[in-house]
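The values are calculated or read from the model by the stated rules, or taken from the named source; none is laboratory data. Note that this is a predicted model, so its numbers are computed, not measured. We place every Cβ from the backbone using ideal geometry, glycine too, and count neighbours over all the protein chains shown. In case anyone asks, the SASA skips ligands and DNA or RNA and just uses the protein heavy atoms, side chains included. Shrake-Rupley method; radii C 1.70, N 1.55, O 1.52, S 1.80 Å.
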Amino acid sequence: MRWSKTFIPTMKENPSDAEIPSHQLMLRAGLIRQLMAGAYTYLPLGWRSVRKAEAIVRDEMERAGAIELFMPALQPIDLFEKTGRKAAFGKVLINFQVQRGDRLVHLALGPTHEEVVTDLMGRHLNSYRQLPICVFQIQTKFRNEERPRFGVLRTSEFLMKDAYSFGTSLEQLNEVYDRMYHAYCRIFTRCGLKYLPVEAESGPIGGDASHEFMVPANNGEDRIVHCPKCSYAANLERADTGRKPASIALAPNAAALETVSTPNATSIEQVSRMLKCAPAQMIKTLIYLADGRAMAVLIRGDHEANEAKVRRALKAGTLQLADEKTIRQVTDAPVGFAGPVGIKCPILADHDVPAIVNAVTGANQADAHFTGVNAGRDYKLETTYDLRMAQAGDPCPKCQGTLELVHGIEVGHVFKLGTKYSVALGAEYLDEKEQRHPLIMGCYGIGVNRIVASLAETCFDEDGLIWPLAIAPYEVLIIPLNVTDPETMVVAEKYYAELQAAGIDVLMDDRDARAGFKFKDADLIGIPLRVVIGGKGLKEGQVELRWRWDQTASKAPVDSAIATVKQMLADRKAEEIAKVPA
RNA sequence: CGGGGCGUAGCUCAGCUUGGCUAGAGCGUCUGGUUUGGGACCAGAAGGUCGCAGGUUCAAAUCCUGUCGCCCCGACCA
């Protein structure tokens, strides 16, 4: 492609409403333009990258045995009502009524396609002989994000690869799951992304039922912990800590239990300020309803409870924070003054709680707290549990290492669904004994445009983007410095034609502009291999070759430069492919 | 949905506190000339519903009310 014939609106300055690198660079390099909050046009350059990512995803999905199909973005709302997800999605589900003849049709724009695919496959998969099967599509998804943000990272409309597997057994499910997991590793490696597969909250099946693929990035909205010593990585909702149950013994320096007046101080922050004690000295007492029964959960004041862990520790089906009435019943006090001493419900404590000597807690009466609260004397515990969010510095649950906290961008998610949708939509098959069973499903998603955005977010320098060869909109950029010089243009045109003939994606900057101007644009859009043809070099019979990520350029004789370029590209591709897990 | 910020030329912003002349600058665009290996220089030109609506006033980019949009923090995110 010739620069003058395509559309690459680069910008020298950062638009004021872009704050993070990917957003700024994608705008400046002319990859995207915003239409409204959460909706972006992909300009020619950006779209080329998206399509390259898409091609890799498609290639690897097919390699892993998944079959491509294409489902409508428009979906009847009834399907979401049957699975209960109209309510579950709430306002996030874009849905509306349209007039059709004399009636109204209620439609949704698919936020994902579990309903549609389960409905489809349920109608046509009748026998265990047809299973397992895995289908996928690459489609635009719609979600009415409460708050779109981070440029192109979180939008209301986005390109997603979603795959769905159907099988007769957990073994079949696990087999596809592992294959998809492996395909994801190959995809993200081929795309040149540094990624981390992390354990994610797994829902109904439990165990190893869900992994997210994260790209570590400062601006990622997800927080994950990982252990640099072993491979353990998990998102914050899921992450276990390697802490052990605490010994529950009265400390020798335990002070006496005292009641102090704390009028209107109901939060950890207010009490710590009023009593001049550190939040870590306090015990947060959260009253939950676990399957309807009140339960006090004790967490150190500066920590954050993890409800999933609480639910698992209690083996409870449902868990929710208790209502005001329940809190009054078990504490005899208004909300904000709960404490373990004398509370009228069972107590569950985090590992770190008994270690607090002379803790501050609510006194279970209005406007009062206790000081000098000590485990084993003022409240009784049998043992302790891992009930809080993991944080940096916690011991690793798998080895002797120490957990680190990093932010990440979720680019992929694999999930063992089980029978939730097949049961709701009556998608069943007949087994060898002519018995009916719901299909056992898995779902596997990749944010295709997030792959591109993640690269923009993580691969750049002060001059602009630095694309990996596999995702770069063009592999080679030819820059004839002086387009009015016939000698330069003869060489440039020859290179351009030869590279195109060799099937290489080549862009030629044929604009009549100054050298510095073209170099700045070249750096900004980040094409991996730059070929500069200028008067100086030509006098010596040479052109200049430079990788975007290299500081220095190399020279090549005019006649053999194209062969060198082809060789450099081939070597680099081989290098990138060598990293892909077999 | 709570909190904060912003809306003036294609982009970045000044002007607003304390209302008053023809609403400015840099970059970009166009024309002519000089330049030509890291965002050139000179001369000239075009480009504005000051987000929108209403109000106050002799007079509103500026003050008031409402409204829309965008960004950020939080809540939310199968």
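Tell me, which residue of region A:393-417 that is open to solvent by less than 60 Å² (accessible area, probe 1.4 Å) and aliphatic (A, V, I, L, M) is farthest from A:PHE166 (Cα to Cα)? The residue in question is A:LEU403. Put simply, of A:ALA359, A:ALA366, A:ALA333, A:ALA338 the only residue that is of a type in the set (Gly, Ala, Ser) and within 14 Å of A:ARG300 (Cβ to Cβ) is A:ALA359.
The residues of region A:1-24 that are away from RNA strand B (no atom under 11 Å from the Cβ) and either within 19 Å of A:THR458 (Cα to Cα) or in the same structural domain as A:GLN139 (by TED's automatic domain parsing) (or both) amount to a single one, A:PRO21. None of A:VAL260, A:VAL215 is of a type in the set (A, V, I, L, M, F, W, C) and crowded, with 21+ Cβ neighbours inside 10 Å except A:VAL215. When the criteria are applied in full, A:LEU45 meets the requirement of being assigned to a helix (DSSP H, G or I), open to solvent by less than 70 Å² (accessible area, probe 1.4 Å) and either closer than 24 Å to A:ASP521 by Cα or within 11 Å of RNA strand B (Cβ to nearest atom) (or both). Against the definition (assigned to a loop (DSSP other than H, G, I, E, B), free of Cβ contacts under 8 Å to residues at least 12 places away in the same chain, outside the structural domain of A:VAL215 (by TED's automatic domain parsing) and within 14 Å of RNA strand B (Cβ to nearest atom)), how does A:THR552 come out, yes or no? So A:THR552 fits the description; yes.
Against the condition among the hydrophobic types (A, V, I, L, M, F, W, C), open to solvent by less than 30 Å² (accessible area, probe 1.4 Å) and either on the phi > 0 side of the Ramachandran plot or in a strand (DSSP E or B) (or both), how does A:LEU27 come out, does it pass? No.
Checking each residue in region A:314-348 for being of a type outside the set (Lys, Arg), open to solvent by 30 Å² or more (accessible area, probe 1.4 Å) and outside any loop (DSSP other than H, G, I, E, B) picks out A:LEU314, A:GLN320, A:LEU321, A:GLU324, A:GLN329, A:ILE347. Among the residues of region A:191-198, is any assigned to a loop (DSSP other than H, G, I, E, B), touching a residue at least 12 places away in the same chain (Cβ under 8 Å) and outside the structural domain of A:ARG147 (by TED's automatic domain parsing)? Scanning region A:191-198, I find no residue that is assigned to a loop (DSSP other than H, G, I, E, B), touching a residue at least 12 places away in the same chain (Cβ under 8 Å) and outside the structural domain of A:ARG147 (by TED's automatic domain parsing), so the answer is no. Taken as a whole, the condition of being open to solvent by less than 30 Å² (accessible area, probe 1.4 Å), more than 29 Å from A:ALA453 (Cβ to Cβ), near RNA strand B (Cβ under 7 Å from one of its atoms) and not in a helix (DSSP H, G or I) does not apply to A:VAL543. Restricting region A:446-491 to residues that are without any contact (Cβ under 8 Å) to a residue 60 or more places away in the chain, hydrophobic (A, V, I, L, M, F, W, C) and not in a loop (DSSP other than H, G, I, E, B), the residue that is most open to solvent (accessible area, probe 1.4 Å) is A:VAL490.
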